[in-house]
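The values are calculated or read from the model by the stated rules, or taken from the named source; none is laboratory data. Every value quoted in this text rests on a predicted model; they were computed, and no experiment measured them. Counting neighbours? That spans all protein chains shown, and the Cβs are built from the backbone with ideal geometry, glycine included. Note: accessible area is taken over every heavy atom of the protein model, side chains too, but ligands, DNA and RNA are not part of it. Shrake-Rupley method; radii C 1.70, N 1.55, O 1.52, S 1.80 Å.
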Amino acid sequence: NENPTPRVQIREWMIKDEKDDNGDNETELNIWDFGGQVIMHSTHRFFLSDLSTYIIACNSRANEQPDAWLQLLKSRLSPQKRMTVLVVYTHCDTQQMFNDANKAPWRRDNALRRAFSNLNLDFYNVDLQPDQAGDVPGLSP
């Protein structure tokens, strides 16, 4: 259990791309963690840009949904732009969540794509619990 982010935290990561043939094999990734506390919500709108990619993390155990955050992004979007948004469902640590024939009842990918058609939405499950072999699975679309 981690403590909530107490304020905006900014991190810079350099990511190396071994497959880049142009010689420019590093990408700078700026991560701004605004935290999810209600008291911080009013500050988010000052940092939104059409040129950014956004990650919305939703705790699947708590049945969190991204609707309010998607609405905020949609309201700040220029009409001719399409933001990319990655919706990441966290705490997906049971195989039932991945194997369910109905693709997990809390996932509403198609409905969200219709409601927010001006956003480029991608959806992921994240499971950071080791499996029976001791491996930690990565992203599972």
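Points to keep in mind about this one:
- Within the range 49-89, if we keep just the residues that are of a type in the set (A, V, I, L, M, F, W, C) and touching a helix residue (DSSP H, G or I) at 6+ places or on another chain (Cβ under 7 Å), the residue that is nearest to Ala115 (Cα to Cα) turns out to be Leu70.
- Some residue of the range 28-35 being closer than 28 Å to Ala115 by Cβ, within 19 Å of the chain's Cα centre (by Cα), of a type in the set (Gly, Ala, Ser) and at pLDDT below 80: yes
- Counting residues in the range 122-139 that are at pLDDT below 85, over 24 Å from Arg7 (Cα atoms), in contact with an Asp or Glu (Cβ under 6 Å, 6 or more places away or on another chain) and open to solvent by less than 40 Å² (accessible area, probe 1.4 Å) gives one or more.
- Residues (closer than 20 Å to Tyr89 by Cα, in a helix (DSSP H, G or I) and open to solvent by 40 Å² or more (accessible area, probe 1.4 Å)) located in the range 42-73: Asp67, Ala68, Trp69, Gln71, Leu72
- The listed residue being at pLDDT 90 or above, open to solvent by 50 Å² or more (accessible area, probe 1.4 Å), over 12 Å from the mean Cα position of the chain (by Cα) and more than 30 Å from Arg7 (Cβ to Cβ), out of Arg82, Arg113, Arg108: Arg113
- Which numbered condition Met97 misses (of (1) at pLDDT below 85; (2) touching a Pro at 6+ places or on another chain (Cβ under 8 Å)): (2)
- Scan of the range 47-61 for residues that are hydrophobic (A, V, I, L, M, F, W, C) and more than 18 Å from Tyr124 (Cα to Cα), ordered by number: Phe47, Leu48, Leu51
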